[in-house]
Amino acid sequence: MSSAEAQKLTAEVMTVCRSHSHAPAIDVLDLVMKGRHPLPAFGDLALPPAPFALVVAEAFDCGMSVDEWRRWTVPPADPVLSAAMLVVWANEVWPKFVGRYGVA
């Protein structure tokens, strides 16, 4: 379950992404996340294929595209592949986000 603060923050990220579609995802996150400590409870908002999670993937994953994250984490993708993607997410992508923005 996501907190109200996480919902507000993710909505702000998505608004900036839409209004500045040319801006790199990392720049959008840097702008919106500035001074936001501690990190709120994101819950499912932080799991692909949620839109906010895809922005995080674009910013912090060098191995797969946002489209791959989107396609391979929902049906009809193979459930074993989807589960493996979420392991990669938890071990490699999300920790980079937390490392950058999680410490005051």
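Each reported figure results from applying straightforward, stated rules to the coordinates on display, with no laboratory input. Remember, it's a predicted structure, so these values are computed and weren't measured experimentally. For neighbour counting, all protein chains shown are included, and Cβ atoms are generated from backbone atoms with ideal geometry for every residue, glycine included.
What to note about this one:
- Charge tally in the Cβ shell below 15 Å around Gly102, where Lys, Arg are +1 and Asp, Glu are -1, Gly102 excluded: +2
- Debye, to nearest 20: dipole size of segment 4-101, +1 on Lys, Arg Cβ, -1 on Asp, Glu Cβ: 240 debye
- Inter-label distance, nm, simple model (7 Å from Cα along the C-beta direction), Lys34/Glu92: 3.1 nm
- Using alpha-carbon coordinates, inclination of helix 79-88 to the longest axis of the chain, degrees: 40 degrees
- Ratio Rg/Rh [Cα only; Rh per Kirkwood] for the chain: 0.95
- The chain, helix-only ellipticity at 222 nm - DSSP H runs n ≥ 4, -39,500 (n - 2.57), divided by all residues, nearest 500: -17000 deg cm²/dmol
- Rounded to 10°, Cα long-axis angle of helix 51-60 versus longest principal axis of the chain: 90 degrees
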